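Presented below is the structure to which this report refers.
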Amino acid sequence: MTLNLVPSQYRNVSVADVPVALVPDRLRSFLLGRPVYRRTRYIVARHGGASAVVQVSKESEVPLFSPVTSVSVLAGPEQTAFVDAPETDTAVPTQLARAAARLAPGFRCVIVRGRYGHVSFILDPAPIRIRVVEVVPPWPPKLADQLSRVLDLAEDLPPVELVPRLVDLDELAATRPAEHYLFPCRAGQPASAGVSYLDEIPERAPWTLVGCARSRSIHDWFYGGDVPMVDMCPRRLAEERTGSTPVITKCCLLEDRVVSEPGLVVVPWGASMAQIREGLGLALGSAVADPVPP
């Protein structure tokens, strides 16, 4: 069984109302020898409000139309749902999988009529899960948001489900109670009593630093001396992972490259979208799709 089967282009999919029942023998008899467009590889066959998906081979792909030489039914009407999702770009596998999970959970094949009226389908959806370890604020979580934006345009990547693990900085700081905290920057976090921000180089106070190795180096540069510290490095937090789901996180000690090790990908703290895409590809390279339930 091939999981996450999605046509490479929506032009490979034809939609046809057929005058026969959507059973393999009837569909083969009706379609064999009929001319189809040279780019057609799949046919969404519709009859009486039901749908089925078939794969066809043709005599040739040179002329504009060519007769069908073989027919394989990929999903019958009892396994197939046809849904409307005008906001879904049907050329993007992750968007197709998202629409299938939301609008037709439990179906083996989901046909989606989406943005621009284009029709495509996903067969045996099993999005690949990737855990995203990040600290918040800011909101939205930047790394998770960047990954989502890449996936919303990625026509050449398999369906992905992001699983954020968000660590709240206030809650993390509270693991070491103090009257005054020093955070690396505001990052969407409002100022409050007993809070300062390292990037503003405030006057020295008896604070507890909530930061990482780079924050500690900056603190030592300006202030010197020992300082109590709560480590907020997402890379260190990601090392506490369990299970086989690949993890993407970030680290400010990386400035211009993406690194990976088994099960873990780390991008720079201020990663570009190109670096986010690179990291996503590395994570997918070590991932396995979830099995389809029987």
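Just name the residue that is surrounded by the fewest Cβ atoms within 10 Å (Cβ to Cβ) out of those in the stretch 135-159 that are assigned to a loop (DSSP other than H, G, I, E, B) and hydrophobic (A, V, I, L, M, F, W, C).
The qualifying residue surrounded by the fewest Cβ atoms within 10 Å (Cβ to Cβ) is Trp139.
Please tell me if Arg26 is modelled with pLDDT of 95 or more and out of contact with any strand residue (DSSP E or B) (no Cβ under 8 Å at 6 or more places or on another chain).
yes
Counting only residues that are touching a residue at least 12 places away in the same chain (Cβ under 8 Å), give me the strands (runs of 3 or more DSSP E) lying completely in the stretch 239-288 with at least 3 of them.
Of the strands (runs of 3 or more DSSP E) lying wholly inside the stretch 239-288, those with at least 3 residues that are touching a residue at least 12 places away in the same chain (Cβ under 8 Å) span 247-251, 264-268.
Considering only the stretch 7-27, state which residues are touching a helix residue (DSSP H, G or I) at 6+ places or on another chain (Cβ under 7 Å) and farther than 10 Å from Ala52 by Cα.
Listed by number, the residues that qualify are Val18, Val20.
If the requirement is being over 19 Å from Asn4 (Cα atoms) and without any contact (Cβ under 8 Å) to a residue 60 or more places away in the chain, which of these qualifies: Ala101, Ala21, Ala75, Ala85?
Sole residue among the options that is over 19 Å from Asn4 (Cα atoms) and without any contact (Cβ under 8 Å) to a residue 60 or more places away in the chain: Ala21.
Hey, does the stretch 86-93 have a residue that's over 25 Å from the mean Cα position of the chain (by Cα) and polar (S, T, N, Q)?
no
For the stretch 22-70, give me each residue that is over 33 Å from the mean Cα position of the chain (by Cα) and open to solvent by less than 40 Å² (accessible area, probe 1.4 Å).
Leu22, Leu27, Leu31, Val36, Lys58, Ser60, Ser66, Val68 - these are the residues of the stretch 22-70 that are over 33 Å from the mean Cα position of the chain (by Cα) and open to solvent by less than 40 Å² (accessible area, probe 1.4 Å).
Quick one: in the stretch 160-188, which of the residues that are open to solvent by 60 Å² or more (accessible area, probe 1.4 Å) and either part of a strand (DSSP E or B) or among the aromatic types (Phe, Trp, Tyr) (or both) is farthest from Arg235 (Cα to Cα)?
Only one residue tops the list, namely Glu161.
Hydrophobic (A, V, I, L, M, F, W, C), free of Cβ contacts under 8 Å to residues at least 40 places away in the same chain and over 30 Å from Ile128 (Cβ atoms): is that true of Ala45 in this structure?
So Ala45 does not fit the description; no.
The values are calculated or read from the model by the stated rules, or taken from the named source; none is laboratory data. Everything numeric here is computed off the predicted structure, so don't read it as measured data. Counting neighbours? That spans all protein chains shown, and the Cβs are built from the backbone with ideal geometry, glycine included. Surface accessibility is based on the protein's heavy atoms, side chains included, excluding ligands, DNA and RNA. Shrake-Rupley method; radii C 1.70, N 1.55, O 1.52, S 1.80 Å.
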